[in-house]
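These notes are about the structure you will find just below.
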Amino acid sequence: MATSTSSKLNKAVKQQYMDLPQGDKVQAMYIWIDGSGEGLRCKTRTLDSEPKTIEELPEWNFDGSSTYQSEGSNSDMYLIPAAMFRDPFRKDPNKLVLCEVLKYNHKPAETNLRHTCKQIMSMVENNHPWFGMEQEYTILGTDGHPFGWPSNGFPGPQGPYYCGVGADKAYGRDIVEAHYRACMYAGVDICGTNAEVMPAQWEFQVGPSEGINMGDHLWVARFILHRVCEDFGVVVSFDPKPITGNWNGAGCHTNFSTKEMREEGGLKIIEESIERLAKRHMYHIRAYDPKGGLDNASIRIPRSVGQDKKGYFEDRRPAANCDPYSVTEALVRTCLLKEQGEEPTDQIRA
């Protein structure tokens, strides 16, 4: 299987430099979503001291013409720090800094969906919306071939791989374990992981996270997974259908609840919300899938919720490559702000 050349470099040589003291200085890796709406970019700057709050981080800039975000003639873009995490690669006191992107005129970039999502979430703070997202992904070689699959042919049919154990069933567990621990170190709300139905396909879960934190934590978890895979010389794909044929696709099932849903009698609120969602199917599909949507998913009330008459529901429609800001915003707009129709309502005051 093809792996990257950089993964074959001598890591012991690198480590002797990483062990050098860095004095009082701090490395802050700024992370942002590029113009594709799915890709992540990053660059690092030195700070004079360890930042304790997001307000202590300086704004920065970059060349948007190289990230599909602007024309070359007017390419300055601005990075606005939005969320800060511990850096599991460089370790304390260094930081990962998730940023919003603003254009030269300080208006949000087209793929900066966080900006509007944050405003919508601020309108429903008293409802305490909780989200949990189940991120499926596939591990590939640098040649695009699934990790561990025979170079000519296919592995055995699906069946033994889901939550499987053993070298012939679980492909790439080292990557999964490294990612899980790195997320915990960083402070990401990761809450679980398991092998999925297709070999080399896995899932991790983030949540429960309230409001804007859901999008922040899922994007940083994705960034950490990209970096872990880079160290191992392989590639992570969030493609909803990475392998054609009779192989499982990948989704990002989203669990949602509000304070009312979690309290006694909450099942009635859950059912009312699902009714609203049913009337806005196409709006949600556009928000859930960058490629236009699939019609083979549903909304599910877990059996335990039906018994307890309170809890949450699971929206199984979002694609693996969805933008969590778009997904969570759409759920809040329909279920809490009670919007109708196939387009979002302009509820945000300038």
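Normalised by the number of residues in the chain, what is the relative contact order in percent for Cα pairs under 8 Å and 6+ residues apart?
Reported relative contact order: 17 percent.
Per-residue counts of other Cβ atoms within 10 Å, averaged by peptide: what ranking do you get for 309-321, 57-69, highest first?
So the peptides 309-321, 57-69, ranked by packing, come out 309-321, 57-69.
With only Lys, Arg, Asp and Glu charged, each at its Cβ (+1 for the first two, -1 for the last two), find how big the charge dipole of the chain is about the Cα centre; round to the nearest 20 debye. Can you show the working numbers first?
Details: 39 positive and 48 negative charges, 69 e Å.
With only Lys, Arg, Asp and Glu charged at Cβ, the dipole is about 340 debye.
For a test of the definition: using alpha carbon positions, the gyration tensor, and the 1.5 limit on a/c, classify the chain as rounded, prolate or oblate.
oblate
Residues of the chain: accessible area per residue at 1.4 Å, in Å²?
49 Å²
Just how far, in whole angstrom, is region 1-57 from region 88-146 if you go by their alpha carbon centroids?
Rounded to whole Å, the Cα centres lie 17 Å apart.
Roll a 1.4 angstrom probe over the protein heavy atoms and tell me the percent of accessible area of the chain that is carbon or sulfur.
C and S atoms contribute 50 percent here.
Give the peptides 32-39, 5-12, 143-150, 130-137 in descending order of average Cβ contacts within 10 Å, highest first. Intermediate results must be reported in sequence, preceding the final value.
Working: 32-39: 18.6, 5-12: 9.4, 143-150: 15.6, 130-137: 23.8.
Ranking the peptides 32-39, 5-12, 143-150, 130-137 by packing returns 130-137, 32-39, 143-150, 5-12.
Say the cut-off is 19 Å between C-alpha atoms; which of K268/K310; K118/K309; K52/K118; K8/K91; K14/K91; K118/K279 go over it?
K118/K309; K52/K118; K8/K91; K118/K279
Do the sum for the chain: with -39,500 (n - 2.57) for every DSSP H run of n ≥ 4, divided by all residues, what is the mean residue ellipticity at 222 nm, to the nearest 500 deg cm²/dmol?
Numbers: 9 runs with 94 residues, N = 350.
So the helix-based figure for the chain works out to -8000 deg cm²/dmol.
Roughly how many debye, to the nearest 20, is the charge dipole of region 64-108 about its Cα centre, given +1 on each Lys and Arg Cβ, -1 on each Asp and Glu Cβ, and no other charges?
For region 64-108, the charge dipole is close to 180 debye.
Using only the Cα atoms of region 138-184, build the gyration tensor, take square roots of its eigenvalues as a ≥ b ≥ c, and label the shape rounded, prolate or oblate: rounded if a/c is under 1.5, else prolate if a/b is larger than b/c, else oblate.
oblate
In whole percent, what relative contact order does region 1-153 give with Cα contacts below 8 Å and a gap of six or more residues?
The value is 22 percent.
Under 5 Å between amide H atoms, partner at least 5 residues away or on a different chain: which partners does E196 have, H built in plane at 1.01 Å?
C163, Q201, W202, E203
The values are calculated or read from the model by the stated rules, or taken from the named source; none is laboratory data. Everything quoted here is computed from the prediction, not taken from an experiment. As a convention, Cβ positions derive from the backbone with ideal geometry for all residues, glycine included, and neighbour counts pool all protein chains shown. Side chains included, ligands, DNA and RNA excluded: accessible areas come from the protein's heavy atoms. Shrake-Rupley method; radii C 1.70, N 1.55, O 1.52, S 1.80 Å.
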